[in-house]
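This report refers to the structure that appears directly beneath it.
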Amino acid sequence: MSNSSNPSLILASTSVYRRELLERLGIPFTVISPKVDETPLPGESTLDLALRLAKAKAAAVAKDHPNAWVIGSDQVADLCGAAIGKPGNFERAMAQLQLMRGSTVTFHTALCVMKGNIETTLSIPTEVTFRKSSDEILESYLLTEEPYDCAGSAKSEGMGITLLEAIKSDDPTALIGLPLIALTGLLRDAGFVIPQKKSTSENT
């Protein structure tokens, strides 16, 4: 079966991490940046924020592409009810890691798959326990990997794993930014064939 048998698919995100994760499924897709205000609403929980933004990102792209399936996703890190965002620079990243060391942070990774009026939105929680690392270790890590575009200031798929004591999740790629186990199920329900059998011409 060729790739053309699958419906059209769009990733409503410019995240390098989400694009790389979606590429693992071996299906063609287009990347479009959603125009969404990510400001939290007054009194909004971290889970509700992640769910709302994932749906908003999908909807922002789906309105202009009614015949395509659109994937929206958002991740919010929660420490004792407070949202931990992307640090942006060394100083804020250092402050985040100092705050989180020895604590367990819940990463809410929300996912929305949408086409027209059809929509499924869910969230996969990941509990991450940070080691009680010294300032010297935290500084060394930050200067080595520079994870300033990552909520929580640590890349679990990279050297950031050395700062962690435990990870608990039903979907191991959720922490990186896109829960592929959940997404695969939703795409199959939408009519996608995953994985696809290569055609004879592709095998020769």
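Values in this text are rule-based calculations from the coordinates and carry no lab data. None of the values given here were measured: they were computed from a predicted structure. Cβ sites come from the backbone with ideal geometry, for glycine too, and all protein chains shown count toward neighbours.
For the reader, a short list of remarks on this structure follows.
- For the residues Leu41, Leu51, Leu122, a GNM of the chain with alpha-carbon springs under 10 Å puts the largest fluctuation on Leu41.
- Taking the centroid of alpha carbons for each part, the stretch 30-60 and the stretch 159-202 are 21 Å apart.
- Summary value for the stretch 1-110: 27 percent relative contact order, contacts being C-alpha pairs under 8 angstrom separated by 6+ residues.
- Summarising the label geometry, the points placed 7 Å from Cα in the beta-carbon direction at Ser103 and Asp149 lie 2.6 nm from one another.
- When peptides 71-77, 174-180, 8-14 are ranked by their average number of other Cβ atoms within 10 Å per residue, the highest-first order is 71-77, 174-180, 8-14.
- Among the trypsin sites (Lys or Arg not before Pro) within the stretch 25-93, those in coil by DSSP and having at most 16 neighbouring Cβ atoms inside 10 Å are Lys35, Lys63.
- Within the chain, helix-based [θ] at 222 nm, where runs of 4 or more DSSP H residues each add -39,500 (n - 2.57), nearest 500: -9000 deg cm²/dmol
- For the stretch 3-203: span of alpha carbons on each principal axis (Å, largest first): 54, 46, 27
- Based on Cα contacts under 8 Å between residues 6+ apart, the stretch 3-203 shows a relative contact order of 22 percent.
- In straight-distance terms, cross-link reach from Lys55 covers every one of the lysines whose alpha-carbon lies under 29 Å from its own, apart from those fewer than eight places away in the same chain; here that gives Lys35, Lys63, Lys86, Lys115, Lys155, Lys168.
- Rounded to 5, percent antiparallel among DSSP beta bridges of the stretch 3-203: 85 percent
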